[in-house]
Amino acid sequence: MSDAITFRRMGADDLDAVLKIEYAAFSHPWTRGIFSDALKSYECWLMFEGSQQVGHGVINLIVDEAHLLNITVKPESQGRGLGLRLLTHLMQCARERGGNECFLEVRASNQSAYRLYERFGFNEIGRRRDYYPAVGGREDALVMACPLFD
């Protein structure tokens, strides 16, 4: 990575670029409607490498509890530590707004994401059966939690 990593808030004008990354990265991506709703209620962020948008994330904070709802790095930019940079940024945002703990769900089959969350300090605390749509049916979600300390 030679270019600087920067972040800015997502807006409605960003959704075409966000959806391009989202649809490239996931078999069951978030839709334009889901992102439009998220923009009204949650913190939605974009990550750039230089001038190129390389990822996005969505986090919600209720009182002192954060919930990571979406974190995506474009496929051709994965494997270079950008997911950890984006996760770190989102967790800092939650801490700055008073978050003490963060929760998330991850597909049981998504071992690269699971390892990223573990590296950050998340621990598996449960399982939601048939949580995600999957090719040929449904897939379990692993529930993970992480304390947010300064």
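Some notes on this structure:
Yes or no, residue by residue, for (1) under 15 Å from the mean Cα position of the chain (by Cα); (2) of a type outside the set (Phe, Trp, Tyr):
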position	(1), (2)
5	no, yes
9	yes, yes
20	no, yes
30	yes, no
59	yes, yes
86	yes, yes
89	yes, yes
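- Residue within the stretch 2-11 that is charged (D, E, K, R), in a strand (DSSP E or B), out of contact with any helix residue (DSSP H, G or I) (no Cβ under 8 Å at 6 or more places or on another chain) and free of Cβ contacts under 8 Å to residues at least 40 places away in the same chain present: yes
- Taking every residue in the stretch 50-72 that is over 17 Å from residue 37 (Cβ atoms) and pairing it with any residue that is of a type in the set (Ser, Thr, Tyr) and assigned to a strand (DSSP E or B), at least 6 positions away or on another chain, the pairs with Cβ-Cβ distances below 6 Å are 55/72.
- When residues of the stretch 122-144 are limited to those that are assigned to a loop (DSSP other than H, G, I, E, B) and modelled with pLDDT under 95, the one nearest to the chain's Cα centre (by Cα): 135
- Against the numbered list (1) more than 28 Å from residue 123 (Cα to Cα); (2) crowded, with 17+ Cβ neighbours inside 10 Å, residue 17 comes up short only at (2).
The values are calculated or read from the model by the stated rules, or taken from the named source; none is laboratory data. Being a predicted model, the structure only gives us computed values, none of them experimental. With ideal geometry, Cβ positions are generated from the backbone for all residues, glycine too; neighbour counts draw on all protein chains shown.
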